[in-house]
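Notes follow once the structure below has been shown.
The values are calculated or read from the model by the stated rules, or taken from the named source; none is laboratory data. Computed from a prediction, not measured in an experiment: that's the story for all the values here. Please note: Cβ atoms are built from the backbone with ideal geometry, for glycine as well, and neighbour counts cover all protein chains shown. The area values use the complete protein model at the heavy-atom level, side chains included, leaving out ligands, DNA and RNA. Shrake-Rupley method; radii C 1.70, N 1.55, O 1.52, S 1.80 Å.
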Amino acid sequence: MQLDLIEMVYGGNALAKVDGRPIFVTGGLPGEQVRATITQDRGRYAFAVVDEVLTPSPHRITPRCPYVRAGTCGGCQWQHIDYDQQLLYKSEIVKAQFRRIGKFDEVLVHPTIASPDPWFYRTHVTYHRSPEDELGFIAPDDRTVTPIEECPIIRPELLAMRTAITPTARRVRCMVGTDGSERVVSQSDDGSPAAADQGDDETISAAAADKVTFTIHGETFRVSAGSFFQVNLAQAARLVELVMDQVDLSGRELVLDLYSGVGLFTAFLAQGAKRVTAIELAPSAVSDARVNLARFDNIDVYEGATEALLPRVKGKFDAAVIDPPRAGMHTKAVEALIARAPRRIAYVSCDPSTLARDARLLVNAGYTLTHVQPVDMFPHTYHIECMAGFEKK
């Protein structure tokens, strides 16, 4: 069918409407007229893919990656959009999610902070094994594995690691440290798409160490094969700056660091706070954090789910930093946070939908949402990192 595309929506698609029915179109841009084929019809809405661009947007460019040009890799949804426009779309999408999901009339959403280099930024990647035992990435159909020989968004060391791996599992995760000399290879075969990024990995390469180190603002962080760390180191450093600006510590504060991971924010909070209480679920991340934070004597690190442990933490806090997974905060965790009554909150999120949902809960409890700062952690994809600031008098 022929479609007029009207806006970009969260998830990477452009939106068209036919007799009021939403059609979410892969490969399109707002302002374009395209011919597209329906790929999934869900009744009230449908998904389609662009077959031909009849009227191109001035922001359309030729994708750098041959697999994106061929439509065989689903990793980069936005390589056909010039980078400055990608940043504008991300800010607009954040505003739309806060309107639609958070029911906010007005939110101060700052322009998206660009990645210093939008290419070759990823420090870890998960390869998938094809039926022919080749390593590659998932195609746009979410099923097929496309073997790859190049990728312009991952560190070159990660590509070199791929050629030296003989895969024995469905998924192989590779990480490379800040200086490129430390490398980790691990595998997962449990059928979970996120497993290779969430910690159920087994080291399979005798030549690879089981950890790498990343350096952010002079602090070194050990990250084991099963632990999470931001993929874009330059933007991780920017997030630290944003968080520290938001909590505005003077040395007297008691601070919560929830979903604290390997201690990325904890290390900097400890330098400006009286005491930091950190809670993290993943055992590998807690082990890393104890090493990374060993030189500080004003940090308490607890292992467990935030919604289970935070209600047991006694007393009030002056500030809180939150960096939950994509699903956002459990309702019980939000309630426990509100009960701890921090005056300033820095909420780091990789999903503006769940951020908007949780923001509404905090505002309903008396907090003011002061601003949202999108950070382009994942150039050429639809994914959006944000830091939202909350205050309460």
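Residue 180 meets each of the listed conditions (1) in contact with an Asp or Glu (Cβ under 9 Å, 6 or more places away or on another chain); (2) exposed (fewer than 15 other Cβ atoms within 10 Å of the Cβ); (3) more than 26 Å from residue 222 (Cα to Cα) apart from (3). Here is the figure for region 316-337: residues that are of a type in the set (Val, Ile, Thr), farther than 11 Å from residue 256 by Cα and surrounded by 16 or more Cβ atoms within 10 Å (Cβ to Cβ) total 1.
Considering only region 274-296, I want to know if a residue exists there that is in contact (Cβ under 8 Å) with a residue 40 or more places away in the chain, open to solvent by 20 Å² or more (accessible area, probe 1.4 Å) and more than 22 Å from residue 329 (Cβ to Cβ). Looking through region 274-296, at least one residue is in contact (Cβ under 8 Å) with a residue 40 or more places away in the chain, open to solvent by 20 Å² or more (accessible area, probe 1.4 Å) and more than 22 Å from residue 329 (Cβ to Cβ). Of all residue pairs spaced 6 or more apart or on separate chains, those with beta-carbon atoms under 9 Å, a first member in region 5-26 that is open to solvent by 20 Å² or more (accessible area, probe 1.4 Å) and a second member that is outside any loop (DSSP other than H, G, I, E, B) and among the charged types (D, E, K, R) are 6/17; 7/92; 17/4.
Conditions tested, residue by residue: (1) under 22 Å from residue 340 (Cβ atoms); (2) under 16 Å from the mean Cα position of the chain (by Cα).
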residue	(1), (2)
238	no, yes
250	yes, no
253	yes, no
257	yes, no
261	yes, yes
270	yes, no
273	yes, no
283	no, no
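Go through region 337-355 and report how many residues are within 16 Å of residue 244 (Cβ to Cβ) and out of contact with any Lys or Arg (no Cβ under 7 Å at 6 or more places or on another chain). Before the answer, list the steps.
So the first thing to find is which residues in region 337-355 are within 16 Å of residue 244 (Cβ to Cβ), and the list is 342-348.
Next cut, out of contact with any Lys or Arg (no Cβ under 7 Å at 6 or more places or on another chain) only: 342, 344-348.
Count: 6.
Out of the residues in region 338-358 that are hydrophobic (A, V, I, L, M, F, W, C) and over 25 Å from residue 273 (Cα atoms), which is most open to solvent (accessible area, probe 1.4 Å)?
Step one: of region 338-358, the residues hydrophobic (A, V, I, L, M, F, W, C) are 338-339, 341, 345-346, 348, 350, 355-356.
Within this subset, residues satisfying the condition of being over 25 Å from residue 273 (Cα atoms) are 350, 355-356.
Values: 350: 24, 355: 0, 356: 0 Å².
Here the residue is 350.
The strands (runs of 3 or more DSSP E) located wholly in region 178-229 that include 2 or more residues which are touching a Cys at 6+ places or on another chain (Cβ under 9 Å), under 24 Å from residue 168 (Cβ atoms) and modelled with pLDDT under 90 occupy 183-188. Annotation: residue 362 fulfils all but one of (1) in contact with a strand residue (DSSP E or B) (Cβ under 7 Å, 6 or more places away or on another chain); (2) at pLDDT below 95; the unmet one is (2).
If only residues of region 330-355 that are outside any strand (DSSP E or B), touching a residue at least 60 places away in the same chain (Cβ under 8 Å) and under 19 Å from residue 391 (Cβ atoms) are counted, the one that is nearest to the chain's Cα centre (by Cα) is 355.
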